[in-house]
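Some notes on the structure that comes next.
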Amino acid sequence: MSNGIDQTGMPGGYGTLLRLAGEISRESRLEGLLVRILERSRGWIQAEACSIFLPDPQTEELVIHSARGDSALVLGTLRIPKGAGIVGCAMQEKRMIRVDDVDKDPRFFSKADKQTGWKTRAVLTAPLLDGEECLGVIQFLNPVGRPAFTTQDEEMMEYFAGLVAAALVRIRASQAALERAQIQRDLDLARQMQAGLLPGVFPNREQSPEIEIHALLDPAKEVSGDLYDFFPVGDREYAFVVGDVSGKGVAAGLFMAVTRTLIRAITVPGRPPAEILQRVNTLLCAENPANLFVTLIVGRVDTRTGRVVYGQGGHNPPVRITAGGSPALEPPGGIPLGMFEEAEFGQQELELRPGDALVVYTDGVTEAMDPQQALFGEERLLAVAGEQGGAGAESLNRTVVESVRRFARGAEQSDDITLLTLRRLG
């Protein structure tokens with residue numbers, strides 16, 4: 001290395017190094033950073049080659065990005081095993097290593113030279129540190145005009161490695177922020193699409209003369225694993241559905257959408273709800289690589305007489321409220337869908353008299369917790385339902401949700417909350 005004055009008036013290659021530091025600080029892409037370092041860094045330290053080693057998060061091998069002599073840059077085509085060679089030692093020990101003659105150092109990984117046809121004589125290797133984390137390693141090979149790297153080279157290398165590490169941290173943080181933003185956009189879109197699957201316009205008196213139908217879903221995450229649905233079946237009946245998919249997030253949301261689609265396709269006039277559950281279960285079991293399951297209540301209500309028939313697939317028992325305000329849990333039955341092809345499902349039948357209501361809900365209601373992790377429970381649900389005996393379906397649903405929130409006292413909502421209420425007008 002020259003000990004004279006460079007064009008900036010600074011000794012040796014410090015001026016070139018400082019200019020490169022400014023360029024590095026403005027680079028926003030990892031590939032651009034690698035290219036800039038490999039193309040420009042050999043000049044200030046006067047070395048024949050430069051390599052940057054970054055760990056593969058999947059294999060933990062060190063991926064080599066290199067510039068050697070006048071040949072084209074080689075990005076990411078060579079790898080060395082974790083811990084191998086002088087670079088592996090520098091990364092594990094988190095310290096700079098200078099070797100004046102690699103032939104005398106047993107740590108030298110000669111396979112890299114055999115793969116590239118390059119002849120390495122001396123190396124200066126430095127870890128790229130972010131606190132206690134080693135992000136990778138940078139290495140210069142074969143100093144020009146001198147037999148080995150010097151103490152001054154080490155001083156500049158320490159400064160340069162810090163610059164490269166800071167740039168890697170900045171780019172990594174920027175990429176993580178972009179990925180989080182993309183994930184959030186995807187989740188927002190999934191939430192919008194899922195919300196579009198759930199009916200938000202409820203039947204009027206002409207469509208449903210005697211039965212008021214209302215439902216709501218309060219998701220715990222961006223994408224819900226709960227579902228509700230209702231749709232006309234024939235001239236005077238409405239089908240209704242409430243379900244709860246195991247798990248949370250996008251996978252549960254997709255399973256929910258598939259379940260809803262199957263139910264709509266299989267529900268036809270005259271087909272018993274238990275048979276609908278059996279057919280849906282067979283299809284879910286056949287294509288269920290994630291091993292998810294869903295609890296369901298699928299039923300029909302006669303909008304003139306109040307007759308209700310519903311099938312049970314391991315779901316929470318509905319609450320029936322009489323006109324006088326007396327609430328009671330209906331019998332449980334069946335097992336969740338998607339688990340066993342030979343599963344059997346229960347079926348119940350009842351008649352809603354004028355003023356009666358049937359509340360179908362998911363366990364996000366009864367298993368809601370307060371800060372001390374006490375459960376809202378079935379008793380509180382029955383108490384709230386009893387107090388709302390004469391209320392309309394929408395008022396009853398919203399009162400239950402408000403009661404759950406008051407009970408939680410700000411504790412994080414751990415599960416989706418879904419309610420569907422049928423009320424016979426009185």
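Taken together, the values in this text are just the output of simple stated rules run on the coordinates, not laboratory data. Here the structure is a predicted model, which is why all the values come from computation and not from measurement. Cβ sites come from the backbone with ideal geometry, for glycine too, and all protein chains shown count toward neighbours.
Extension gain, Arg406 to Tyr159: 0.36 nm times the residue separation minus the Cα-Cα distance gives 83.2 nm.
May I ask you to evaluate 6.51 cos²θ - 1.76 cosθ + 1.60, the Karplus curve with θ = phi - 60°, for each residue of the stretch 56-68 and list the ³J(HN,Hα) values in order in whole Hz, giving x for glycine and proline? Rounded to whole hertz, the list is 7, x, 7, 9, 6, 5, 8, 8, 9, 10, 9, 10, 10. Using C-alpha pairs under 8 Å with a sequence gap of at least 6, the mean separation divided by the residue count of the stretch 198-424 gives a relative contact order of 24 percent.
For the pair Lys82 and Phe231, label points projected 7 Å from Cα toward Cβ lie 5.1 nm apart.
Taking amide H as placed 1.01 Å from N in the peptide plane, the amide H of Glu237 sits under 5 Å from that of Thr303, each at least 5 places away or on another chain. Put a plus charge on the Cβ of each Lys and Arg, a minus charge on the Cβ of each Asp and Glu, and nothing anywhere else: the dipole of the stretch 128-264 about its Cα centre is then about 320 debye.
Largest GNM mean-square fluctuation among Ser66, Ser110, Ser246, using the chain with Cα springs under 10 Å: Ser110. Once the Cα atoms are used to define both axes, helix 377-387 deviates from the longest principal axis of the chain by about 50 degrees. Once C-alpha pairs closer than 8 Å and six or more residues apart are averaged by separation and normalised to the residue number of the stretch 107-174, the relative contact order reads 30 percent. When the charge dipole of the chain is built from unit charges on Cβ atoms (+1 for Lys and Arg, -1 for Asp and Glu) and taken about the Cα centre, the candidate among Phe53, Leu168, Ile24 whose Cα reaches farthest toward its positive end is Ile24. If only the Cβ of Lys and Arg carry +1 and only the Cβ of Asp and Glu carry -1, the dipole of the chain around its Cα centre is close to 980 debye. Across the chain, how many lysine pairs separated by 8 or more positions, or lying on different chains, have Cα atoms within less than 21 Å? Lysine pair count for the chain: 7. 3J(HN,Hα) along the stretch 393-406, derived from phi through the Karplus expression 6.51 cos²θ - 1.76 cosθ + 1.60 where θ = phi - 60°, amounts to 4, 5, 4, 5, 4, 5, 5, 4, 4, 5, 5, 5, 5, 5 Hz, with x in place of Gly and Pro. Rounded to the nearest 0.05, the FRET efficiency derived from the C-beta distance between Leu375 and Leu30 at R0 = 60 Å is 0.80. Sequence-ordered 3J(HN,Hα) estimates for the stretch 113-128 from the Karplus curve with 6.51, -1.76 and 1.60 and θ = phi - 60° stand at 5, 5, 6, 9, x, 8, 10, 8, 10, 9, 9, 10, 10, 9, x, 9 Hz, glycine and proline given as x. For the residues Thr120, Thr366, Thr282, a GNM of the chain with alpha-carbon springs under 10 Å puts the largest fluctuation on Thr120. Relative protection proxy for 405-413, 206-214, 304-312, from highest mean packing down: 304-312, 206-214, 405-413 (other beta-carbon atoms within 10 angstrom).
Projecting each Cα onto the charge dipole of the chain (Lys/Arg +1, Asp/Glu -1 at the beta carbon, about the Cα centre), which of Phe376, Val404, Phe149 comes out farthest on the positive side? Projecting each Cα onto the dipole axis, the largest value belongs to Phe149. Length available on full extension from Glu133 to Arg95: 0.36 nm per residue minus the Cα-Cα distance, which gives 12.5 nm.
A Gaussian network model of the chain, with springs between Cα atoms under 10 Å, assigns the largest mean-square fluctuation among Gly83, Gly389, Gly346 to Gly83.
Where only DSSP H runs of four or more residues are counted, the chain gives -12000 deg cm²/dmol as its mean residue ellipticity at 222 nm, each run worth -39500 (n - 2.57).
In this rough spin-label picture, where each label sits 7 Å from Cα along the Cβ direction, the Ala181-Arg353 distance is 6.2 nm.
From the Cα gyration tensor of the stretch 14-176, with a ≥ b ≥ c the square roots of its eigenvalues, which class applies: rounded if a/c is under 1.5, or else prolate if a/b is larger than b/c, or else oblate?
rounded
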